[in-house]
Ligand SMILES: NC(=O)c1ccc[n+]([C@@H]2O[C@H](COP(=O)([O-])OP(=O)(O)OC[C@H]3O[C@@H](n4cnc5c(N)ncnc54)[C@H](O)[C@@H]3O)[C@@H](O)[C@H]2O)c1
């Protein structure tokens with residue numbers, strides 16, 4: 001066993017935390033992300049572990065660059081994807097190419113190179129508004145955006161490789177993830193940044209009644225680690241979430257309470273998703289991952305929010321207030 005792990009999407013939000021966590025655990029990581037002319041390594045640019053992992057820039061849509069990056073690895077954790085829901089309304093084909101063809105490239109390369117452990121990242125968005133809560137892995141799939149549809153297609157393709165070619169695939173399905181380094185487009189950073197940079201004492205949001213199961217990024221990375229080392233999860237789909245949920249309104253009030261501010265919440269049209277595309281409620285049934293692995297979620301929402309707010313206070317970027325956020 002070589003224990004060389006290729007992480008795709010490694011310079012992004014979850015991928016950068018995962019890369020650093022795996023390196024801290026003494027594992028050998030090859031970090032893969034999109035080629036750019038500036039040789040920008042995203043959130044790994046200033047990583048204190050930079051000399052402890054290898055970075056390869058390429059393109060998940062390009063089979064050659066995926067194969068080259070994967071050579072010498074026995075595990076791949078595939079996170080690279082286009083993830084913004086609003087942009088998936090504008091440019092669905094880009095999502096097909098990155099999320100479906102990109103996953104095909106990972107699976108095919110892993111088949112050719114005979115990898116032993118292939119972890120594919122799904123998303124809770126594929127469940128859409130469910131008939132019942134909490135949601136378990138066998139519940140119906142109901143894709144309400146091109147993003148969700150491409151992720152779900154990639155899931156099915158991955159499971160088909162397990163069934164057809166005996167490829168050792170595991171499918172991890174995180175519910176909403178938050179924490180330091182997340183894009184301002186996500187709901188928690190947009191609320192925090194609006195509170196921190198507030199000039200007009202208003203928080204601009206969309207639907208306040210939607211609920212989500214929010215998970216601190218370290219808990220999600222721990223789930224990747226436990227799934228990585230488990231032997232009994234091949235061919236399985238594993239939901240990862242806290243089995244709690246909170247509405248956007250209550251979440252905003254919690255964040256304001258931590259920051260000791262009280263702003264008026266204003267609903268703005270451009271922040272509301274098209275009606276039939278709005279996923280109203282998500283809450284994870286996490287029994288399966290708890291039964292099959294040693295994973296447990298450890299960070300309460302309050303603890304995670306405090307850590308996240310501290311990070312944004314030190315890393316205030318362009319405020320999210322004019323951005324079209326998603327949850
Ligand atoms: N953030 C969440 O709440 C959440 C929840 C469930 C699932 N996920 C999944 O987790 C994964 C990581 O999401 P994230 O939140 O870290 O997003 P992110 O946008 O920070 O990370 C995605 C990474 O993929 C890379 N990428 C995009 N196109 C690429 C290409 N053509 N070639 C190579 N790399 C490319 C991006 O550069 C980026 O670094 C995604 O698969 C996403 O669907 C995220």
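No lab work stands behind these numbers, since they all come straight from the coordinates. These figures come from a predicted structure and were not determined experimentally. Cβ placement follows ideal geometry from the backbone for every residue including glycine, while neighbour counts extend to all protein chains displayed.
Quick notes
- Computed over the Cα atoms of the chain, the ratio of the radius of gyration to the Kirkwood radius (Rg/Rh) comes to 0.95.
- Take the Cβ atoms of residue 62 and residue 260, set R0 to 41 Å, and the FRET efficiency comes out at 0.25.
- DSSP beta bridge pairing in the chain, given as percent antiparallel to the nearest 5: 5
- Kirkwood Rh (inverse of mean 1/r, distinct Cα pairs), segment 16-131, angstrom: 15.5
- Mean Cα-pair separation over length for the chain, i.e. relative contact order, pairs under 8 Å, 6 or more apart, %: 18
- Alpha carbon centroid spacing (whole Å) that separates segment 249-273 from segment 166-210: 13
- Axis angle, to the nearest 10 degrees, between helix 13-24 and the longest C-alpha principal axis of the chain: 50 degrees.
- Nearest-ten-degree value, helix 102-112 long axis tilted from longest Cα axis of the chain: 20
- One quarter of the surface of the convex hull around the alpha-carbon atoms of segment 52-196 equals 10.7 nm², the direction-averaged projected area.
- Subtracting the Cα-Cα distance of residue 200 and residue 136 from their residue separation scaled by 0.36 nm leaves 18.8 nm.
- Each of residue 250 and residue 287 was given a label point 7 Å from its Cα along the Cα-to-Cβ line. The distance between the two points is 2.2 nm.
- Taking a point 7 Å from the Cα of residue 232 along the Cα-to-Cβ direction, the residues of segment 112-139 with backbone N closer than 18 Å to it are 137.
- Against the chain, whose longest principal axis comes from its Cα atoms, helix 187-196 is set at around 40 degrees.
- Seen from every direction in turn and averaged, the convex hull around the alpha carbons of segment 121-164 projects onto 3.2 nm².
- Distance from the alpha carbon centroid of segment 1-52 to that of segment 53-79 works out to 11 angstrom.
- For the chain, a Gaussian network of Cα nodes joined below 10 Å ranks 238, 107, 82 by mean-square fluctuation, and the top entry is 82.
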